[in-house]
1. Regarding B:ARG185, is this residue under 17 Å from B:LYS12 (Cβ atoms) and exposed (fewer than 15 other Cβ atoms within 10 Å of the Cβ)?
2. For region A:113-139, what are the residues that are polar (S, T, N, Q) and assigned to a helix (DSSP H, G or I)?
3. Within region B:364-380, which residues are in contact with a Ser or Thr (Cβ under 7 Å, 6 or more places away or on another chain) and either part of a strand (DSSP E or B) or loosely packed, with under 15 Cβ neighbours inside 10 Å (or both)?
4. Can you tell me which residue in region A:157-183 is nearest to A:ALA126 (Cα to Cα), limited to those that are within 11 Å of chain B (Cβ to nearest Cβ) and among the β-branched types (Val, Ile, Thr)?
5. Return the total of residues in region B:397-437 being surrounded by 19 or more Cβ atoms within 10 Å (Cβ to Cβ) and not aromatic (Phe, Trp, Tyr).
6. Could you tell me which of the residues B:ARG461, B:ARG418, B:ARG388 is out of contact with any helix residue (DSSP H, G or I) (no Cβ under 6 Å at 6 or more places or on another chain) and under 29 Å from B:SER313 (Cα atoms)?
7. Listed residues A:ALA110, A:ALA165; which is modelled with pLDDT of 90 or more and in a strand (DSSP E or B)?
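The values are calculated or read from the model by the stated rules, or taken from the named source; none is laboratory data. What you are looking at is a predicted structure, and each value in this text was computed from that prediction instead of being measured. FYI the Cβ positions are ideal-geometry reconstructions off the backbone, even for glycines, and counts take in every protein chain you see.
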Amino acid sequence: MKPRNLRIATNAIRVALTVLCLICTVNLVAQARPSQYEVKAAYLFNFGKFAQWPTRMQQSRPPTFDICILGPDLMGQALDRLTAKEQIDGRPVRVLRVKKDEDARSCAVAFVNGSDGNEINSELTALSGANVLTVGDQSEFLKRGGMIQFILQSNHVRFAVNLDAVNREHIVLSSELLKVAYSVSGTPVQEPRP
Amino acid sequence: MNLLNTRSISGKLTRIHLLVSGTALVLAFVAYLGLDLYSFRENLIRSLTTEAGIVGTNSVTALLFDDQESAKKTLEALRNSPQILGAVITRPDGMEFARYTRDRSSQVEIRPKLFTNQNSGHWNQGTQMLLGSRIIFQGKPVGTVYLLAETRDLLHRAAQYGLVSSCILMISLGFALLATSSVRRFVTDPLTGLAETAQIISRDNNYSVRAKQPINNDELSFLVQSFNGMLDQIEDRDRALNDSRNALEKRVAERTAELTEANKELEAFSYSVAHDLRGPLQMISNISFLLRQRNSTDLDPDTSELIEQLGHSSKRMSSLIDDLLNLARATSATLRREPIDLSEMVTSILHGLERDEPNRRTRIIVKPGATVIADDGLICVVLENILRNAWKYTSKVDMTEIEFGYTEKATGTVYFVRDNGAGFDPQYADRLFRPFQRLHAQSEFPGTGIGLATAQRIIDRHGGKIWAEGSIGKGAVFHFTVPYIAQT
């Protein structure tokens, strides 16, 4: 092979490699940017790991750790993919899309969605007293009595916590979780020691 | 090995001491340093692992809920650990999540290095160490913590060890030198003293010197003591030997003087006896001659025979006295050496003998030219004795054969007189030269037994030798030498 040909071949290889690298980088960037609801699905799943439910629930608790979706499902398959074959608190995780609000009372975590505020209000009312950790997406969710509300801040999904609502349902959220919350409203309750 | 190639023992001991202590110290230094560096590194890894664990646990929610600020705050807590230069938390996919650098101005290069199946690991990067630890939450990896720590302390530590070791080495060197001086005082000095003493003794044969006794009481002191004791003994023995030798010499000198005196007295006595005997003997001889002359006709044959025997006996006694006087003279007379022609002397003596017995048939051979430097009178006595002997013992053969000659040997000229006479039994050859010892009966061959003894004494006085060879009936040969030594 003549030196000139060699140089051409080398250049060709160099160009090909550069292109390949660019493609790879683009792919990585695309992969590294999950969609907003994928992130929210992951958060929803993770909240369960940092929450403790009242002990009287322990005896009659269902054999599965149910994550329920009330109202329109925005998560899609992302949540199912995440929770497949996962366990929380020693129980297999199950994702339920609930048609009747009352059916969600046996759930541990509920993503409460609605087309308007009234629907959300009625859904929250239906869950009250059932010790369900309620997570919502709507801007007025905490004011309506919800416990954890997703907030979008500079393209980052964060969350705010209404401790009063959490305490009302005798749920204890881990301080680790509260540490990374965007904001925590309400006053923490010192539970009497048994 | 050149190390021990020094003359003094103390030098050798010092070098051995330094070598041993130096080696031990260097080995100890290396071992301690290695052990310390190892344990320091292990401790560093352990503390880094702990810190990574704490950071990891505290960053779980930050990772899970994508709160980079919280993670950064957690990492800021590392500012309490001055050895940690920087830290990085990565997501499970390896993307950087949060970063901490102790020195904001310096850029810390931390690249994720953990493999997906690894939960922790550490890597050395020059003077830094990178430690990675997977953050596990409820059995699942949620991210990784990387801590970059400084290991410059290790070098500090090594340097400190080196410094301490050199100090100890210097101190032990000092001690070694101190030990050397004490070794010199207690070991080398006594040994050197001993060696010098031994040298003086072997060089000068002077046994009166003594090695200096060392102060302390150890084996060396014992050695020196034994050495000196040995010298004492040798000296005592020498003195005793000397004393006894002196005593012996003195005694010998006394005895010699006594003997010489006695010998002189004896010679004087025998000389005067021989001399004084002559007068009466001459008288007897004369009277017997007169008796024979006067009364030869009147006397009966018996008396005549007795008178005849009286004459013979007195003649024999006269010759005996002559021989004794010769013997005495041979011993006492002073030597006057002058050149003598032996051949001529032999010829004249043999002519004299032939004249006395003209009827004998003789064959005489004399080799001319035999000259010696000796006392003329004494050598004449020697030759007369030997030739007379030869003449006497050939009296019974038909033809008398006497030969005088000489042969040159390496030791000098040997003269000889050969005859064809009666000879003698060779086993009695020694007796020939003793006074009054005779091998033949007086009736067979008359003689006094003094002649050859006289000859031997004269040859002795000239420093020569005389000896005889022969056998019965086959003649005899007498050999003698007359060496001349200018100094005498």
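1. The answer is yes for B:ARG185.
2. Answer for region A:113-139, where residues must be polar (S, T, N, Q) and assigned to a helix (DSSP H, G or I): A:ASN118, A:ASN121, A:SER122, A:THR125.
3. Hits for region B:364-380 are B:VAL366, B:PRO368, B:GLY369.
4. Ranking the qualifying residues of region A:157-183, first place goes to A:VAL157.
5. 10
6. So the residue among B:ARG461, B:ARG418, B:ARG388 that is out of contact with any helix residue (DSSP H, G or I) (no Cβ under 6 Å at 6 or more places or on another chain) and under 29 Å from B:SER313 (Cα atoms) is B:ARG388.
7. A:ALA110
For every residue, the table says whether it meets (1) without any contact (Cβ under 8 Å) to a residue 12 or more places away in the chain; (2) part of a helix (DSSP H, G or I).
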site: B:CYS167; (1), (2): yes, yes
site: B:VAL187; (1), (2): no, yes
site: B:SER208; (1), (2): no, no
site: B:LEU223; (1), (2): no, yes
site: B:ASN228; (1), (2): no, yes
site: B:VAL252; (1), (2): yes, yes
site: B:ARG255; (1), (2): yes, yes
site: B:GLU261; (1), (2): yes, yes
